[in-house]
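Below: one structure, written as structure tokens.
The values are calculated or read from the model by the stated rules, or taken from the named source; none is laboratory data. Keep in mind the model is a prediction, meaning the values are calculated, not measured. Positions of Cβ are generated from backbone atoms using ideal geometry, with glycine treated the same way; all protein chains shown enter the neighbour counts.
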Amino acid sequence: MILWLHYWTQWPNTQHLQSEILPVPKLKDTVKRYLAAQKPLLDDDQYRNTERIAREFEKGVGRKLHRDLVEFDKKNKHTSYITDPWFDMYLCARDPVVLNFNPFISLNPDPKEAYNSQVVRATNLVVSSIKFLNSLKNEFLRPDIYYVNPKWSQSRLFKNFIRLLPTSVSWYGAYMVNAYPLDMSQYKRLFNSSRIPKLNKDELFTNERGRHLLVMRNGHFYVFDILDADGNILHPSEIQAQLIYILQDADRLPEFALCYLTTEDRNTWAAVRQQLLEAGNEDNLQKIDSAVFCLCLDNISPKNDTELSHCMLHGRGFNRWFDKSFSLIITSDGTAGVNFEHSWGDGVAVLRFVNEVYRNSTRHPAIVPHSSPPALSATNCERLEFKLNDSIQSAINAARMKFEETNEKLSVRMFEFRKFGKEFLVKQKLSPDAVFQLACQMTAYRQFGKIISSYEACSTAAFKHGRTETIRPTSILTKQCSHAFVEGRSKHSVAELRNMIDECSKYHRRLQLEAAFGKGFDRHLFALKHLSVSRGDPMPELFLDSAYQKLNHIILSTSTLHSPAVHLGGFGPVVPDGFGIGYNVFDTWVGCNTTGYLNRELQEFLKCLECSLNDILDVLEGRPLV
Ligand code: BUJ
């Protein structure tokens with residue numbers, strides 16, 4: 001997810017800067033942007049048809065829908081127009097959350113080797129997480145800021161200027177200087193929260209009074225109070241002792257591991273959850289749902305990044321509660337990562353949390369290695385025992401079989417290109433993100449011989465209750481450039497090819513900025529469709545157009561993030577024939593972590609990606625394509 005983040009060190013509290021509401025774009029602009037995104041994907045006849053449909057929509061049913069959406073938005077100043085439709089998109093989806101929605105972010109190791117043993121790392125990260133929770137509760141968490149021009153915005157002058165403004169106008173002060181405080185409303189669901197499966201539409205549950213941590217080991221559930229009634233955190237050595245107790249106690253797998261149920265499609269899971277409640281498991285489920293978060297102490301040591309990705313993305317199923325807002329996973333060798341449920345919030349909120357806990361746990365670790373925890377009375381820690389009847393047991397078995405079958409098919413592939421990175425591209429006056437996206441476009445064209453639908457996630461957290469907007473990396477410019485690099489290699493001079501790259505970079509940069517400021521077309525059209533469906537109107541032709549469906553069959557689903565705390569990240573493909581591409585353009589290299597169900601095609605894609613990046617390098621260094 002694209003965004004530049006900085007945390008403020010001098011602002012007094014979380015809500016000092018209140019963001020503006022995400023604006024509803026003008027319908028005329030949305031249609032223009034939609035058609036621009038459609039153009040490279042369609043032949044002339046198809047495009048003419050789609051253009052006609054879009055123009056009719058703009059003048060007819062779309063205009064009415066838009067007017068009603070704007071009206072609705074005006075009456076609901078407390079939130080953004082995308083909030084409800086986007087929650088519905090997630091909560092009504094019936095596919096399993098694992099692989100289809102939950103992404104992961106894994107952390108770098110603690111730089112001090114000895115702090116990476118499983119229990120020490122887990123204890124330190126848990127303590128730092130609870131400190132984060134406490135600073136949130138007490139509104140001490142500094143606002144996140146999105147800078148359009150990071151250099152100026154970080155000057156002392158700017159900081160003082162903003163700090164002195166009263167809360168009511170500080171957003172405008174920041175806005176004047178191109179620095180946008182990010183919406184922090186998602187944080188209320190970071191802790192003590194769970195997604196609850198319900199028939200046709202799930203619910204989000206939060207109970208801020210929960211003071212216990214949920215710990216999973218070998219498929220067993222443990223809870224213990226980590227906060228006292230005044231919000232004081234349990235002494236770190238006691239936390240350490242509880243974790244050691246759990247590791248010893250959960251020495252074998254349960255016959256029926258309940259966790260598999262959270263990997264089921266949502267209606268199946270909703271029905272089994274009802275059975276669980278009826279069988280007398282309500283208290284236990286309450287404890288899971290309201291726990292501050294879920295700590296998974298895994299019993300494996302991934303041998304490489306591919307194994308690590310599998311572990312963080314889906315694991316072996318029995319040691320995760322995928323419905324929890326997030327799970328902190330620590331493997332046997334102390335590697336840490338976060339797997340998060342996506343409906344409540346986005347990458348920006350989770351990344352902030354990851355950054356803070358990484359920094360705090362490495363700079364101010366709560367315990368040191370080889371410290372001996374106090375002798376523990378096991379009574380502080382409760383192991384949850386579930387009543388499982390035959391029907392629930394068979395549901396668990398069925399869930400397990402499906403889960404294993406799906407995971408079996410998922411390939412994860414790492415890719416590294418070491419010949420250039422951000423520094424080189426910036427010197428070339430190019431947007432590193434644009435160059436990576438262009439390389440993907442060329443790659444897809446080289447591999448499939450056609451232009452395919454692509455998606456880059458972009459945060460709109462600069463607005464109150466903003467979520468994400470889609471950047472559509474496929475444009476007429478990237479199409480021309482892909483044709484030139486793949487089929488017309490000898491037809492163009494190096495200067496012409498270079499010029500094409502420049503144009504693609506400029507255009508992509510524009511799309512990025514527009515998306516970050518809520519001026520894309522995807523969310524607007526989505527909200528109009530949502531409104532139409534929720535009123536039971538006949539479906540407007542625009543949404544029935546096969547071109548609209550094709551545009552939303554995302555073959556390349558991409559997202560990027562960068563942070564010194566992050567080692568890796570990833571997510572599954574969003575369609576059976578697509579790829580999930582988590583990437584980053586580092587200072588001196590380009591890396592991505594890709595997933596897909598079509599293993600051979602995924603490998604082929606990465607081979608072609610290497611060719612595309614080599615071609616781009618040749619042209620940037622003035623060499624003709626051979
Ligand atoms: O678009 C949205 O609304 C949300 C998206 C959905 N989707 C993932 C399908 C695009 N969600 C996000 O963008 C959150 C993703 C969080 C994980 C991002 C992973 C980035 C990996 C960077 C590091 C890769 C380094 C590889 C080195 C070999």
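Tabulated data for the structure shown
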read-out	value
Per-region count, segment 588-626, residues closer than 26 Å to Phe403 by Cβ and not aliphatic (A, V, I, L, M)	11
Hey, Phe326 touching a Gly at 6+ places or on another chain (Cβ under 7 Å) and touching a residue at least 40 places away in the same chain (Cβ under 8 Å) or not	no
Inter-residue pairs, beta-carbon under 7 Å, first without any contact (Cβ under 8 Å) to a residue 40 or more places away in the chain and in segment 538-557, second of a type outside the set (S, T, N, Q), 6+ apart	Phe543/Lys529
Cβ-Cβ under 8 Å pairs, at least 6 apart or on other chains, segment 575-590 side among the polar types (S, T, N, Q), far side part of a loop (DSSP other than H, G, I, E, B) and surrounded by fewer than 24 Cβ atoms within 10 Å (Cβ to Cβ)	Asn584/Leu561; Asn584/His562; Thr588/Arg418; Thr588/Phe420; Thr588/Gly421
Candidate set: segment 460-478, residues that are more than 17 Å from Ala527 (Cα to Cα) and in contact (Cβ under 8 Å) with a residue 40 or more places away in the chain; chosen: the one farthest from the ligand (Cβ to nearest atom)	Ile476
Among (1) hydrophobic (A, V, I, L, M, F, W, C); (2) more than 15 Å from the ligand (Cβ to nearest atom); (3) surrounded by fewer than 18 Cβ atoms within 10 Å (Cβ to Cβ); (4) closer than 30 Å to Asn584 by Cα, the one test that Ala398 misses	(4)
Complete set of residues in segment 44-102 that are out of contact with any Gly (no Cβ under 7 Å at 6 or more places or on another chain), within 30 Å of Gly317 (Cβ to Cβ) and not charged (D, E, K, R)	Trp86, Phe87, Met89, Tyr90, Leu91, Cys92, Ala93, Pro96, Val97, Val98, Phe101, Asn102
Those residues of segment 369-417 which are of a type in the set (S, T, N, Q) and either modelled with pLDDT of 95 or more or under 25 Å from Ser290 (Cα atoms) (or both), in sequence order	Ser377, Thr379, Asn380, Asn389, Ser391, Gln393, Ser394, Asn397, Thr406, Asn407, Ser411
Some residue of segment 551-563 being outside any loop (DSSP other than H, G, I, E, B) and over 16 Å from Ser453 (Cα atoms)	yes
Output for segment 128-143, where each listed residue is modelled with pLDDT under 80 and in contact with a Phe, Trp or Tyr (Cβ under 6 Å, 6 or more places away or on another chain)	Arg142, Pro143
Residue identified as surrounded by fewer than 22 Cβ atoms within 10 Å (Cβ to Cβ) and near the ligand (Cβ under 10 Å from one of its atoms) among Leu531, Leu598, Leu568, Leu620	Leu568
Those residues of segment 290-308 which are more than 16 Å from the ligand (Cβ to nearest atom), of a type in the set (A, V, I, L, M) and more than 22 Å from Leu190 (Cα to Cα), in sequence order	Ile300
Selection from segment 574-595 of residues that are closer than 28 Å to Tyr90 by Cβ, more than 9 Å from the ligand (Cβ to nearest atom), outside any strand (DSSP E or B) and not small (Gly, Ala, Ser)	Val575, Pro576, Asp577
Selected residue (criterion: nearest to the ligand (Cβ to nearest atom)) from residues of segment 92-141 that are surrounded by fewer than 20 Cβ atoms within 10 Å (Cβ to Cβ) and charged (D, E, K, R)	Asp95
Sole exception among (1) within 23 Å of His314 (Cβ to Cβ); (2) within 15 Å of the ligand (Cβ to nearest atom); (3) in a helix (DSSP H, G or I) for Met414, by number	(3)
Any chance Glu356 is within 15 Å of the ligand (Cβ to nearest atom), acidic (Asp, Glu), surrounded by fewer than 23 Cβ atoms within 10 Å (Cβ to Cβ) and over 21 Å from Thr262 (Cβ atoms)	no
Some residue of segment 518-534 being of a type in the set (Lys, Arg), outside any helix (DSSP H, G or I) and over 27 Å from the mean Cα position of the chain (by Cα)	no
Subset of segment 596-626 that is among the hydrophobic types (A, V, I, L, M, F, W, C) and in a loop (DSSP other than H, G, I, E, B) - its residue that is farthest from the chain's Cα centre (by Cα)	Val626
Counted residues, segment 417-443 - those being among the charged types (D, E, K, R), within 16 Å of the ligand (Cβ to nearest atom) and outside any helix (DSSP H, G or I)	2
Residue that is farthest from the chain's Cα centre (by Cα) [pool: residues in segment 303-326 that are under 19 Å from Lys409 (Cβ atoms) and among the hydroxyl-bearing types (Ser, Thr, Tyr)]	Thr306
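Here is a yes/no grid of residues against (1) surrounded by fewer than 20 Cβ atoms within 10 Å (Cβ to Cβ); (2) of a type in the set (Ser, Thr, Tyr); (3) in contact with a Phe, Trp or Tyr (Cβ under 8 Å, 6 or more places away or on another chain):
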| position | (1), (2), (3) |
| --- | --- |
| Arg535 | yes, no, no |
| Lys550 | yes, no, no |
| Thr560 | no, yes, yes |
| Asp577 | yes, no, yes |
| Cys592 | no, no, yes |
| Gln603 | yes, no, no |
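The rows are residues; the columns are (1) crowded, with 22+ Cβ neighbours inside 10 Å; (2) within 30 Å of the chain's Cα centre (by Cα); (3) within 30 Å of Gly466 (Cα to Cα); (4) at pLDDT 95 or above.
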| residue | (1), (2), (3), (4) |
| --- | --- |
| Arg189 | no, yes, yes, yes |
| Ser193 | yes, yes, yes, yes |
| Glu203 | no, yes, yes, yes |
| Thr206 | no, yes, yes, yes |
| Gly210 | yes, yes, yes, yes |
| Leu213 | yes, yes, yes, yes |
| Phe256 | no, no, no, yes |
| Thr268 | no, yes, no, yes |
